[in-house]
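Notes for the one structure printed next.
The values are calculated or read from the model by the stated rules, or taken from the named source; none is laboratory data. These figures come from a predicted structure and were not determined experimentally. Using ideal geometry, Cβ is built from the backbone for each residue, glycine included, and neighbour counts are taken over all protein chains shown. Each accessible area value is taken on the protein alone, full model and side chains, heavy atoms only, with ligands, DNA and RNA left out. Shrake-Rupley method; radii C 1.70, N 1.55, O 1.52, S 1.80 Å.
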Amino acid sequence: MSQRHSARLLLKAYYERLYERVAADRDRLCERIDALLPAEIDRQGFGPMDRHKVQAYREACLAFIDERIEMYNPIGIQYTFDRSTSRMAGDLEFQINWYDSRREFEDLVATARALVADVRDEMPDEVLCELADRLIGRAGAFPDASIIAGYGAGPSLQKLPDYIVASAIEYIVCARGTTD
């Protein structure tokens, strides 16, 4: 099996493991959002906000969790297109997001390639799952690092839900303490 093919297979397993983890930890993510959101509003001086406005931001965060679950879904719509269409969709996503995740994606691919560099034969499912878990441990959940860095460079209410969700996923799903 070529390294390129092995890395592609590992990336698919990575997204599948993220899907499993985010879906399984949804309730814990919601609890983390309930703690992070008001604290970040206070920390950034975005308030005072009435409870209805805070609730609207919370609902946006919950919608972003569902969006992530769908993004990582191994049988989601993104997997029904051929590679050239998928590449075009990825390019469009890079253009419409407020954060630039191209470098993070390149790093993710490079880390996946490094993890499979010594794999010469077919990878059993157990090995693939183990490598996917290692990739999550090293790279986090794509595109969280880009979201967190973009928010850090210029916090705003527009970026707040993405940032809160990225921070919660890194803390709960990836066991990385990005925000306390």
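Our coupling estimate for segment 59-67, obtained by passing each phi through the Karplus curve with A = 6.51, B = -1.76, C = 1.60 and θ = phi - 60°, is 5, 4, 4, 5, 5, 5, 5, 4, 4 Hz, Gly and Pro reported as x.
What residue among Ser156, Ser101, Ser146 shows peak mean-square fluctuation when the chain is described by a Gaussian network model with Cα springs under 10 Å? With Cα springs under 10 Å in the chain, the top fluctuation among Ser156, Ser101, Ser146 is at Ser156. Relative to the longest principal axis of the Cα atoms of the chain, the long axis of helix 3-24 makes an angle of roughly 40 degrees. For the pair Leu62 and Lys12, a Förster radius of 30 Å applied to the C-beta separation gives a FRET efficiency near 0.65, rounded to the nearest 0.05.
Report summary: the helix-based calculation at 222 nm, which adds -39500 (n - 2.57) for every DSSP H run with n ≥ 4 and divides by the residues of the chain, gives -24000 deg cm²/dmol.
Have a look at Asp66, Asp25, Asp42 and tell me which one the Gaussian network model of the chain (Cα, springs below 10 Å) gives the largest fluctuation. Greatest mean-square fluctuation among the candidates belongs to Asp42.
Per residue, how much accessible area does the chain show when a 1.4 Å probe rolls over the protein heavy atoms, in square angstrom?
Each residue of the chain exposes 56 Å² on average to a 1.4 Å probe.
When semi-axes √(5λ) of the Cα gyration tensor in Å is calculated for this entry, the matching label among (1) 22, 20, 16; (2) 31, 17, 15; (3) 49, 21, 14 is (2).
The fraction of accessible area contributed by carbon and sulfur in segment 1-60 is 47 percent, rounded to a whole number (1.4 Å probe; ligands and nucleic acids excluded).
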